[in-house]
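What follows is calculated from the coordinates using simple rules that are stated; it is not laboratory data. Every value quoted in this text rests on a predicted model; they were computed, and no experiment measured them. Cβ placement follows ideal geometry from the backbone for every residue including glycine, while neighbour counts extend to all protein chains displayed.
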Amino acid sequence: MKITESITITSYANMAVAIARFNNIIDNNLLNSALDTLQRIVQVADENMTIV
């Protein structure tokens with residue numbers, strides 16, 4: 001398996017998180033983890049994130 005990793009720190013990046021409504025407990029945990037990672041590690045501002 002090939003894994004490509006990169007750390008990009010930019011507060012002006014626009015990000016979208018797409019999540020399906022399958023299992024609310026799992027989906028909400030995955031969404032919260034993704035948002036936490038974008039905010040803490042990548043430092044994307046709240047106004048630059050869109051949840052679909």
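Structure values in brief
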{"quantity": "Per-residue HN-Hα couplings for region 23-28 [Karplus 6.51, -1.76, 1.60; θ = phi - 60°; Hz; x = Gly/Pro]", "calculated": "9, 4, 5, 5, 4, 5"}
{"quantity": "Ranked list, fewest to most other Cβ atoms within 10 Å of each Cβ, for V44, V52", "calculated": "V52, V44"}
{"quantity": "Inter-site label distance for L35 and N14 at 7 Å from Cα along Cβ, in nm", "calculated": "2.0"}
